[in-house]
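Participant: Shown below is the structure under consideration.
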Amino acid sequence: MKRLFLTLVLLVTTMLTASAQYFPVDTARLNNAYKVLMSGERTSETEMEFLEAYPTTWLEFYMTYSFVYNEPGNDAMCDMCSEHIATLMSLTHINDTIQCKKIVDLTIGMKETGECTGIYQDYLVGYILNNDELVLNYLSKLRKGHQMQFWQFCWSTVTECDRFHHFEKLYHLNKQKYPEQMEISYTAFKYFYDGINYPILLPHNYEEYKQKYDNRNYKHVFNGYRDGY
């Protein structure tokens, strides 16, 4: 009887650990905070609740919104990704410096994986253009490597889009006031704009991935090392 009890405890612990690995962010809290905002209750408190519940790092973002293969029902968060991103970028009742820090920190290290990151990139570029001084001021306090990671994702183009005029506008507006930051941005643009091929993070699930995302217009598809990548 004691052995059976210990076995059950171990099984439950393992299941809880596995769930935590899939969702490091409290998705119930995040979804509830989102619903409150969508109900029209927008205050500094309700927006801060959403901001704090939202993923803070690229890994948290990926694990929260990625589609989980062969797991029925696990695409619910993936389906909410676009709405959550739009909400993150449109918070107006909280300190804009806090919001900016959240967005920049989340972006550092992010890669265009073909999930929700393309949508995030679109909103990110719009956010930067509307808050350029705020973003560049915060970036100036970070290490140059982190700044480079930020701009690498910002200017990488895996899907069909035109970032050149966005970069050109941002560069000419800020090259005098933020010359060092704009030089890093320029270097990232030079090497990552239309020149980066991010691999699929789960290559062993590539065939299933293709079936789900075949309708998307990707310039590059990672199809295994045997193809010369």
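The values are calculated or read from the model by the stated rules, or taken from the named source; none is laboratory data. All values reported here derive from a predicted model rather than from experimental measurement. Positions of Cβ are backbone-derived with ideal geometry, glycine not excepted, and every protein chain shown enters the neighbour counts. Heads up: the accessible areas ignore ligands, DNA and RNA and are worked out on the full protein's heavy atoms, side chains in. Shrake-Rupley method; radii C 1.70, N 1.55, O 1.52, S 1.80 Å.
Participant: Suppose the filter is in contact (Cβ under 8 Å) with a residue 60 or more places away in the chain and open to solvent by less than 50 Å² (accessible area, probe 1.4 Å); does THR157 pass it?
Facilitator: Criteria met by THR157.
Participant: Kindly list, by first and then second residue, each pair from a residue in region 51-72 that is at pLDDT 95 or above to a residue that is open to solvent by less than 10 Å² (accessible area, probe 1.4 Å) and part of a helix (DSSP H, G or I), limited to pairs with Cβ atoms under 6 Å and residues at least 6 apart or on different chains.
Facilitator: Note: pairs meeting the criteria are ALA53/LEU30; ALA53/ALA33; TYR54/LEU88; PRO55/PHE61; PRO55/THR64.
Participant: If you take the residues in region 100-138 that are farther than 22 Å from GLU180 by Cα and of a type in the set (S, T, N, Q), which one is surrounded by the most Cβ atoms within 10 Å (Cβ to Cβ)?
Facilitator: Ranking the candidates gives THR117 first.
Participant: Note down all Cβ pairs under 9 Å where the first residue falls in region 84-99 and is over 15 Å from LEU30 (Cα atoms) and surrounded by fewer than 21 Cβ atoms within 10 Å (Cβ to Cβ), the second is among the basic types (Lys, Arg) and at pLDDT 95 or above, and they're at least six residues apart or on different chains.
Facilitator: As it stands, the answer is THR92/ARG42; HIS93/ARG42, since those pairs meet every condition given.
Participant: I'd like the full set of residues that are among the small types (Gly, Ala, Ser) and either closer than 10 Å to PHE192 by Cβ or free of Cβ contacts under 8 Å to residues at least 12 places away in the same chain (or both), limited to region 138-154.
Facilitator: GLY145
Participant: Now, a different point. For region 1-50, how many residues are modelled with pLDDT under 95, touching an Asp or Glu at 6+ places or on another chain (Cβ under 6 Å) and open to solvent by less than 50 Å² (accessible area, probe 1.4 Å)?
Facilitator: 1
Participant: List the residue pairs whose Cβ atoms are under 6 Å apart, where the first residue sits in region 113-134 and is under 18 Å from ASP162 (Cβ atoms) and touching a residue at least 40 places away in the same chain (Cβ under 8 Å), the second is open to solvent by 20 Å² or more (accessible area, probe 1.4 Å) and part of a helix (DSSP H, G or I), and the two are 6 or more positions apart or on different chains.
Facilitator: VAL125/HIS166
Participant: Report, by residue number, each residue of region 164-197 that is assigned to a loop (DSSP other than H, G, I, E, B), open to solvent by 40 Å² or more (accessible area, probe 1.4 Å) and within 16 Å of VAL135 (Cα to Cα). Break it down into steps so the answer makes sense when it comes.
Facilitator: So the first thing to find is which residues in region 164-197 are assigned to a loop (DSSP other than H, G, I, E, B), and the list is 175-178, 193-197.
Applying the additional criterion that residues be open to solvent by 40 Å² or more (accessible area, probe 1.4 Å) yields 175-177, 193-195, 197.
Matches in region 164-197: LYS175, GLN176, LYS177.
Participant: Here's something else I'd like to know. Take region 75-96 and flag every residue that is under 16 Å from the mean Cα position of the chain (by Cα) and over 17 Å from LYS35 (Cβ atoms). Explain how you work it out, then say what you get.
Facilitator: Residues of region 75-96 under 16 Å from the mean Cα position of the chain (by Cα): 77-90.
CYS78, MET89, listed by residue number.
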